1. Could you figure out which of (1) in contact with a strand residue (DSSP E or B) (Cβ under 8 Å, 6 or more places away or on another chain); (2) loosely packed, with under 10 Cβ neighbours inside 10 Å isn't true of ARG333?
2. Quick check on ILE216: is it outside any loop (DSSP other than H, G, I, E, B), modelled with pLDDT under 85 and open to solvent by 80 Å² or more (accessible area, probe 1.4 Å)?
3. Out of all the residues in the range 191-202, which are surrounded by 13 or more Cβ atoms within 10 Å (Cβ to Cβ) and either in a loop (DSSP other than H, G, I, E, B) or hydrophobic (A, V, I, L, M, F, W, C) (or both)?
4. Select from the range 112-156 the residues that are modelled with pLDDT of 75 or more, open to solvent by less than 100 Å² (accessible area, probe 1.4 Å) and in a loop (DSSP other than H, G, I, E, B) and write down the one among them that is nearest to ALA174 (Cα to Cα).
5. Here are the criteria: (1) under 27 Å from GLU222 (Cα atoms); (2) in a loop (DSSP other than H, G, I, E, B). Tell me which single one ARG417 does not satisfy.
6. I'd like the full set of residues that are hydrophobic (A, V, I, L, M, F, W, C), open to solvent by 100 Å² or more (accessible area, probe 1.4 Å) and in a loop (DSSP other than H, G, I, E, B), limited to the range 386-413.
7. Among the residues of the range 203-213, which ones are open to solvent by 100 Å² or more (accessible area, probe 1.4 Å) and part of a loop (DSSP other than H, G, I, E, B)?
Amino acid sequence: MEKPTEEPQQYKQPSRKGKKAWRKHVDVSDVQAGLEQARDEVIKGGIIAEKPSTDLFTFDTKGSEVIQRSYNKTHKPLKADQILTQRSAVPAIDSHKRPGITDGIIEPRKKRKTNGVSPREYERLREVAYGSQTIKDVIKTDDAPDYDPWDAKPDEEEQDPKFSYLEKAKPIRAPPTIKEAPISLAAGRGEVPAVPSPKPGTSYNPVFEDWEALLITEGQKEVEAEKKSIYEAALEQERLARIAAAQNEPDYDNGAQTEEESAWEGFESDYEGAEWLKKKRSERKTPAERNKINRRKEAERREKWEKKEREKEKQERRVGEIVKMAKEEAKRRELMTIGGETAEVQEEVDDRVLRRRKFGKDVLPEPPLELVLPDELQDSLRLLKPEGNLLKDRFRNILVRGKMETRKPIQQPKKKRRTYTEKWTFKDMVVPM
């Protein structure tokens, strides 16, 4: 009986994942070489990689004499180096002049020069600069200025008789406000200092209590500003919604026609129909109705008068409060007077809170937020980043103190409008009789 034919098969290779196959096919020659090298180093004194640098290297501070001699043969030293290398055994003569040792002749003592200029040359330069008369006290101590621009007198020139009808130039007068103190824009009663002292919470390394208080204060301000902006945005949306609703409403006046249009078409419209005819005519009022109207008007007049009286009383009470506050302030100053010297205590004024009345419509620039967040706090001065602008801070301080006006100067003023007309008198013709 014949064997059944089978399909051709590939050669079955034994697995290489067993322990025998791993031991057979792994090359460990590099490991054996490393172990042999380590044994040789141990025999010779120790493993080199584990030794410190002081055992392996030495510092050569002297140099090789053989190399130096061969270098000197090919490279000739400089002449300056040769002179410096020559050292004499005899010390040099001291050229410094000792005080008190003279040759017996007394010479007049000379004045020392000031910044390399002799006194005689200095006096000559002063005469050249200030004229023939030498001025010793150049800086004046009195408060009177040398030149006052408001006191300058106009040049008096002889006026031509042809122009006698012209007015003479008037002298320049100083404005009355030049003697008044500037008005501060801050809301407080105290004065804003020229250089305000910074708050302790703005330091680069602040105390936690001061920094937390400043953070809470500024956070509340930002929250209030955000609430205000959200409220204004809601009002604006409501206004726009009302406008859109009014535009979508049907216009009833479009179908109405005027009396002239109806008459032109040849018929009367119902728009002026029965409603106008049924309207009640104004009749004569009875005495009872007139008395009622008079009583109502009298009550309104009395209520208006009482309201004015109440406002006057409020103002009078306010005057009393102001006088009382002034007296309390005077008493406080008297108590603070010690030995005839008054201790001045300046109230801290916040320059961010401005008064209501301002000059002009221009907005005062807002001060920068001087606050460092928790992730921005640094523990080293080298990691700090420059912040702020001294020029902007100084400019805003001048505006708040009233030294300058917030309103911008008008660069192009509006010109007066003039109408030009043509005279028609030349067209009037008179016929001779």
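The values are calculated or read from the model by the stated rules, or taken from the named source; none is laboratory data. It should be emphasised that the depicted structure is a prediction, and the values quoted were computed from it without experimental measurement. Quick reminder, even Gly has a Cβ in these numbers, built from the backbone with ideal geometry, and neighbours come from all protein chains shown. We work out accessible area using only protein heavy atoms, side chains counted, and drop any ligands, DNA or RNA first. Shrake-Rupley method; radii C 1.70, N 1.55, O 1.52, S 1.80 Å.
1. Result: ARG333 passes all but (2).
2. Numbers: outside any loop (DSSP other than H, G, I, E, B): yes; modelled with pLDDT under 85: no; open to solvent by 80 Å² or more (accessible area, probe 1.4 Å): yes.
Against the criterion (outside any loop (DSSP other than H, G, I, E, B), modelled with pLDDT under 85 and open to solvent by 80 Å² or more (accessible area, probe 1.4 Å)), ILE216 does not qualify.
3. GLU191, VAL192, PRO193, PRO196, LYS199
4. ASP148
5. (1)
6. Residue satisfying the conditions is ILE410 alone.
7. Going through the range 203-213, the residues open to solvent by 100 Å² or more (accessible area, probe 1.4 Å) turn out to be 204-205, 208-209.
Across the range 203-213, the qualifying residues are TYR204, ASN205.
Matching residues to (1) closer than 30 Å to LEU371 by Cα; (2) touching a helix residue (DSSP H, G or I) at 6+ places or on another chain (Cβ under 7 Å); (3) open to solvent by 90 Å² or more (accessible area, probe 1.4 Å); (4) modelled with pLDDT under 90:
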| site | (1), (2), (3), (4) |
| --- | --- |
| ILE230 | yes, no, yes, no |
| ALA233 | yes, no, no, no |
| GLN237 | no, no, yes, no |
| LEU240 | no, no, no, no |
| ALA245 | no, no, no, yes |
| GLN257 | no, yes, no, yes |
| TRP264 | no, no, yes, yes |
